[in-house]
Structures are given as structure tokens and as C-alpha cells.
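Working notes, structure below.
Values quoted throughout were computed directly from the atomic coordinates according to the rules given, and no laboratory measurement underlies them. The structure displayed is predicted, hence computed values, not measured ones. Heads up, the Cβs are rebuilt from the backbone with ideal geometry, glycines too, and the neighbour counts pull from every protein chain shown.
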């Protein structure tokens with residue numbers, strides 16, 4: 001595949017992935033506040049997602065170097081889909097926390113390979 005086509009495809013995938021995440025961000029803290037009754041718990045839950053993402057980014061980057069970028073990105077997209085289903089079915093704080101954890105895992109699996117594809121496409 002030509003580098004220009006790869007860059008356009010990676011840009012489109014990253015846009016769709018980011019759009020899906022950003023559409024839920026204004027709603028989920030409100031929902032977490034309803035489930036927990038506390039804004040502090042809502043903030044803690046979503047900080048947990050970023051904490052998971054930070055610590056799993058380097059291992060997922062090395063995993064993408066070993067098995068390839070495309071399989072790791074597909075696993076990340078699958079985890080993102082699973083997280084959305086868990087969000088839909090979350091009726092208590094435990095289910096919401098597990099959905100947030102799976103979303104953090106999906107972010108850690110999807111973002112490093114996509115950034116690598118962008119870097120390689122920019123090199124020519």
C-alpha cells in the first residue's frame with residue numbers, strides 16, 4: 001500500500017475512533033454521578049481509565065512490534081466495542097468501572113500502533 005493511502009486510511013480510522021470516544025465524554029461523568037451520587041467518584045472512575053492507559057501504552061507498543069500493528073489495532077477496536085456494550089449495560093458502579101477499564105485498555109492498544117503508522121507514513 002502506498003504511504004499516502006496508508007496515511008489517509010489511518011487518519012480515517014483514528015477520526016472514527018476518536019469521534020466515538022469524544023461523543024460519550026460529556027455524558028458519562030453525569031451518568032457516573034447518578035450511579036454513585038458523588039462527583040468525586042465520577043472523577044476517580046475516569047482518572048482510572050487514564051491511569052490504565054498510561055501504564056499499558058509501552059507494553060502494547062512492544063506487542064505491536066512483535067505481532068504487527070494491524071492485529072493490535074483490531075484488538076483495541078474490539079475492546080472499544082466491548083467497552084461501549086458494557087457502558088450500555090452498566091447498572092451499578094462495578095459495571096461502569098469495568099467498562100472504563102476496558103476502554104482504557106482499548107486506548108492503550110489502539111493509540112501506539114496508529115501513532116507508529118503516522119510516523120512511518122511521514123517518513124516517506
**Report entry** Rg ratio (alpha-carbon, reference 2.2 N^0.38 Å) - the chain
**Finding:** 1.15
Requested in this report: Using only Cα atoms, tell me the angle between helix 3-24 and the longest principal axis of the chain; keep it within 0 to 90° and round to the nearest 10.
Outcome: 0
Query - Cβ-derived FRET efficiency at R0 30 Å, residue 81 paired with residue 43, nearest 0.05 - result: 0.75
Query raised in the report: Just 101, 40, 32 to compare: in a GNM of the chain, with alpha carbon springs under 10 Å, which one fluctuates most?
Result: 40
Query raised in the report: Ranked highest first by the average count of other Cβ atoms within 10 Å around their residues, in what order do 48-58, 69-79 fall?
Result: 69-79, 48-58
Requested in this report: For a quick protection proxy, order the peptides 8-18, 90-100, 111-121 by their average other-Cβ count within 10 Å, most packed first.
Outcome: 111-121, 90-100, 8-18
Query - Helix-only [θ]222 nm of the chain, DSSP H runs n ≥ 4, -39500 (n - 2.57) each, per residue, nearest 500 - result: -31500 deg cm²/dmol
Query raised in the report: Hey, what angle do you get for helix 69-89 against the long axis of the chain, alpha-carbon based, 0 to 90 degrees rounded to 10?
Result: 20
Report summary line: In degrees, nearest 10, the alpha-carbon axis of helix 93-123 is tilted away from the dominant principal axis of the alpha carbons of the chain by 20
Query - residue 115/residue 51 FRET efficiency (R0 25 Å; Cβ-Cβ; nearest 0.05) - result: 0.80
